[in-house]
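Taken together, the values in this text are just the output of simple stated rules run on the coordinates, not laboratory data. Remember, it's a predicted structure, so these values are computed and weren't measured experimentally. Positions of Cβ are generated from backbone atoms using ideal geometry, with glycine treated the same way; all protein chains shown enter the neighbour counts.
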Amino acid sequence: MVTIGFVTSKDYPLLTPGDQLIAQAFSHHGISVVPTVWTDGQVDWKAFDYLVIRSCWDYHLKLKAFHQWLDQMAKLKAVVYNPLIVIKENSNKRYLKGLQEAGLCMVPSLWYPSGSQPDLLEVMRENQWQEIILKPNVGATAYQTFKLDLAGAEKFNWNAQNLLYPHGFIIQQFIPEIFDNGEWSHMFFGKKYSHSVLKKAKSGDFRVQSTFGGKSRILRPDEKIIEAAYEVLDYYQEDLLYTRIDGIQIGQKFYLMEVELIEPELFVFDEIVANTFVSAFMS
């Protein structure tokens, strides 16, 4: 029997509900899915035919250890999805700089190295931004993320915040349309479009994650938006089992915010989507 290790974290030892649906879909093809915690030193990684990175949602807090684990998998010649080189690059949001330089339509962004303390008010005035998002290059689930207007930027005290940005940080223009239009997540399995989810933050918040009260629903966008997501996907030459492309729609234009290639929530709500994932793996 083919055995796949679904790589998770100690907080999700039995996988997420969506990944459990995928595991059930694999079982119908005689393929066994085993949850494996990446920090568990007792795991025999050579026992698996394949490894699929899924809910290792603590990697951003242990990036050095995570990269060491990736290097260990490379030495073992483990077959990992997504590819190890892609995962390592995607673990730092500086990957977005390459996408921006490639001419893809993105939310305007600036990158700063660790230890920088730019005058945020000056940055906003120079770029004519009314609001900004400040977040670490390595992070997840809005970890140490701030939304600031001009008044907030003027009062912002870098030293008082005690921010842990050892890998640098990114400043993005905040697009207010996210309140009304929401944020899109487009899922691709095997580089083929599967489905989309529209996420909206709760009233008074800007964070769309369910952890902070955000709501999401499956919704198919206009074809032009899907085409724009495909343009982002075309940037990657590697074989990708799964891709989640996040962004905002303004009019008929899609503005990229993130490309999630490590451990994204894939919004697998039913057996149809789970079977689509399995088909992509087996093709």
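Figures for the structure shown
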| read-out | value |
| --- | --- |
| Charge sum, other residues only, whose C-beta stays under 12 Å from Ser109's C-beta, Lys/Arg counted +1 and Asp/Glu -1 | +2 |
| The chain, helix-only ellipticity at 222 nm - DSSP H runs n ≥ 4, -39,500 (n - 2.57), divided by all residues, nearest 500 | -8000 deg cm²/dmol |
| Nearest-ten-degree value, helix 17-27 long axis tilted from longest Cα axis of the chain | 30 |
| Computed over segment 101-160: relative contact order in percent, which uses C-alpha pairs under 8 Å that are six or more apart | 28 |
| Arg94-Ala65 FRET efficiency (beta carbon distance; Förster radius 22 Å; 0.05 resolution) | 0.65 |
| Length-normalised contact order of the chain in % [C-alpha pairs under 8 Å, at least 6 apart] | 20 |
| Segment Ala47-Arg125, length gained on full extension (0.36 nm per residue, minus Cα span) | 22.5 nm |
| Between helix 271-282 and the chain: long-axis angle, C-alpha atoms, 0 to 90°, nearest 10 | 70 |
| Fluctuation leader among Val123, Val37, Val52 - the chain, Gaussian network, Cα springs under 10 angstrom | Val123 |
| Euclidean distance between Cα centres, segment 13-41 to segment 65-116, Å | 25 |
| GluC sites (Glu not before Pro) within segment 219-274: DSSP coil, no more than 13 neighbouring Cβ in 10 Å | Glu238 |
| Once exposed loop trypsin sites (Lys or Arg not before Pro) are cut out (DSSP; at most 13 other Cβ, 10 Å), longest piece of the chain | 78-201 |
| Cα-projected label distance for Ile85 with Asp270, points at 7 Å along beta-carbon direction, nm | 3.9 |
| Residue pairs, from the table Lys199/Lys253; Lys147/Lys199; Lys155/Lys200; Lys75/Lys192; Lys93/Lys200, whose Cα atoms sit over 24 Å apart | Lys155/Lys200; Lys75/Lys192 |
| Net charge contributed by nearby residues that have their C-beta within less than 13 Å of Ser9 (K/R +1, D/E -1) | -2 |
| Separation of the Ser283 and Gln252 label points, Cα + 7 Å toward Cβ, nm | 2.8 |
| Share, in percent, of DSSP beta bridges within the chain that are antiparallel, nearest 5 | 70 |
| FRET efficiency for Trp158 and Arg220, using Cβ-Cβ distance with R0 set to 45 Å, rounded to 0.05 | 0.55 |
